Amino acid sequence: MPSPHQPPDDSTTCARPGEEPPSRTRPLVPPIELSAVYRIEGLDQVDALYEGREPGFIYARDGHPNAVRLASKVATLEGAEAALVCASGMGAEAALLLTLLGPGDEVALSEGLYGRTVALVGRELARFDIGHRTFDATCPNSLRAVIGPKTRLVFAETLSNPLVRLADIKGLAEVADAANAPLVIDHTFAPLLCRPLELGAKVVTHSATKLIGGHSDLTLGLLAGSSDLIGRVSTVASTFGLSGNPFESWLALRGVATLALRSARACATALALAERLAGARDVAAVHYPGLADHPDHVRAARLLQGGFGTILTIDLKERGRADSFIRALQHIPFAPSLGDVATTLSHPATTSHRGQSAEQWARQGITPGLIRLSIGLEDPDDLWKDLHQALQAR
Ligand SMILES: Cc1ncc(COP(=O)(O)O)c(C=O)c1O
């Protein structure tokens, strides 16, 4: 009979997690809680946890502290009852659409959405007999023209990519409400600049990979809306394996800490650069809602607070000009994402809008010479120097 005082075998010592260190202090910043599973006291507790009578976590795919902290912060920022962290912006959209749609349903999609959102609906969900129709997010009447009894959801972006057109969220919400279809707003390009839910949207989605994370070092998505809807989507997200993980949730929460400062600084720089670029020779057009000649400038001035966004797009017309500009830049990299602390650029025709037909490009105003700049935190004069010298390149 082994004595109870006999130390365990080395293999046992190795395998067990060890004692929690005694401490009456708590960490100042949230710890990263990587555990995939949680210890449960007994059967009464497991019942209470599953039935929601006791708070707590069981299995990380269903929920973990880092995601809950991030979600609660974003719910507050969006003025929502609840929020959910998903594995990516696309994961968040997929979880939402899989919750709300079934065979025979239709989705109204605004023109010029992020390419993969269009592919999610037009290619993947189409395989399950889900149809879609397209409207112009700046013109609620165009939504009225396509919305019908089969429309279960209306999807638009606050600021479109790459021409940064500003959706008439309030007008779209009125049309969507009248048809009993929730308006979903992808708010990736404009966190903090307005609150779509206050303007009548029912759900907000984000690619937290972009401005919310802010450092191009994580991939996550977010949804914000009513507790009832977020609860339903959360179950679907877990079942399809679309939940976000603890480390990236932790990183994103750290990113959010500086979001207001980053956004204000980058918006101010974007406006200053847009004004300079508008006067530059060889730039055929500058698309930025802060410029008086942007088609949505008046609405942007009324709706957006704290700036006109961090994205601006210039048109160099031809692919060859765009290519020599990209190659001549010394500091601004061609990196097809956005929202980083450093300024980056993307070329929509070969990345986000790749593979679309000439007719789709024409409808959205996309040319082979469009360059989308995501403005970061550098000194505006340093950025201008790099842009200016690259515009001279042939
Ligand atoms: C507007 C917009 N929505 C959604 C997404 C998808 O997000 P993620 O890459 O995190 O899946 C992107 C990605 O570029 C985006 O630009």
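The values are calculated or read from the model by the stated rules, or taken from the named source; none is laboratory data. The structure displayed is predicted, hence computed values, not measured ones. Because the Cβ atoms are built from the backbone with ideal geometry, glycine has one as well, and the counts that use them run over all protein chains shown. The protein model used for the area step is the full one, side chains on, heavy atoms only, and it has no ligands, DNA or RNA in it. Shrake-Rupley method; radii C 1.70, N 1.55, O 1.52, S 1.80 Å.
The table for this structure:
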read-out	value
Most mobile of Asp293, Asp47, Asp168 in a GNM of the chain (Cα contacts under 10 Å)	Asp47
Lysine pairs with alpha-carbon atoms under 30 Å apart, the chain, spacing 8 or more or separate chains	11
Sites Ala145 and His297, calculated FRET efficiency, Cβ-Cβ separation with R0 35 Å, nearest 0.05	0.90
Distance cut-off 25 Å, percentage of C-alpha pairs in the stretch 259-392 lying past it	22
Of Arg265, Arg53, Arg319, the one that fluctuates the most in a GNM where the chain has Cα springs shorter than 10 Å	Arg53
Projected-area mean, the stretch 303-344, by convex hull of Cα positions, square nanometres	4.1
Solvent exposure of the chain as accessible area per residue, Å², 1.4 Å probe	49
Residue-averaged 222 nm ellipticity for the chain, from DSSP H runs of 4+ at -39500 (n - 2.57), nearest 500	-10500 deg cm²/dmol
Length added when fully stretched, Asp62-Gln392, from 0.36 nm per residue minus Cα-Cα	113.4 nm
Sequence-distant residues sharing a close amide H with Thr134 (under 5 Å, placed H)	Leu109
Karplus 3J(HN,Hα) series, Hz, for the stretch 315-327 with 6.51 cos²θ - 1.76 cosθ + 1.60 (x for Gly, Pro)	10, 9, 6, 10, 4, x, 5, 4, 5, 5, 4, 4, 6
About the Cα centre, charge dipole magnitude for the stretch 259-392 (Lys/Arg +1, Asp/Glu -1 at Cβ), debye	260
Longest segment of the chain lacking GluC sites (Glu not before Pro) that sit in a DSSP loop with at most 10 other Cβ atoms within 10 Å	52-394
About the Cα centre, charge dipole magnitude for the stretch 1-100 (Lys/Arg +1, Asp/Glu -1 at Cβ), debye	340
Charge dipole magnitude, Cβ of K and R +1, D and E -1 - the chain, Cα centre, debye nearest 20	960
Charge dipole of the chain about the Cα centre (unit charges at C-beta), most positive-ward option of Gly339, Thr350, Ser35	Thr350
Extension gain (nm, one decimal) between Gln45 and Leu377, 0.36 nm per residue minus Cα-Cα	114.6 nm
Computed FRET value (nearest 0.05) for Phe240 with Leu261, which takes r as the C-beta separation and R₀ as 45 Å	0.80
Cα shape, the stretch 43-256, gyration tensor, a/c 1.5 rule	prolate
Accessible-area composition of the stretch 1-141, carbon plus sulfur, in percent [1.4 Å probe]	54
Among Arg165, Arg123, Arg24: highest mean-square fluctuation, GNM of the chain, C-alpha pairs under 10 Å	Arg24
FRET efficiency, Asp228 to Arg16 (Cβ-Cβ, R0 41 Å, nearest 0.05)	0.50
Sparsely packed chymotrypsin sites (Phe, Trp or Tyr not before Pro) within the stretch 1-59, loop by DSSP, other Cβ within 10 Å at most 11	none
Distant-in-sequence amide H partners of Ala82 (H built 1.01 Å from N, under 5 Å)	Gly225, Ser227
Carbon/sulfur fraction of accessible area - the stretch 259-392, other protein chains in place, 1.4 Å, %	54
Prolate/oblate/rounded call for the stretch 105-208, Cα gyration tensor, a/c under 1.5 rounded	oblate
In sequence order, calculated HN-Hα J values of the stretch 40-57 (Karplus, 6.51, -1.76, 1.60; Hz; x Gly/Pro)	10, 4, x, 6, 5, 5, 4, 4, 4, 5, 5, 8, x, 7, 10, x, x, 10
Cα-based shape type of the stretch 161-318, given that a ≥ b ≥ c are square roots of the gyration tensor eigenvalues and the cut on a/c is 1.5	oblate
Angstrom value of the Kirkwood radius, inverse mean 1/r, which spans all Cα pairs in the chain	22.6
Length added when fully stretched, Val29-Ala280, from 0.36 nm per residue minus Cα-Cα	85.7 nm
Cα centroid of the stretch 90-128 to Cα centroid of the stretch 1-70, whole Å	38
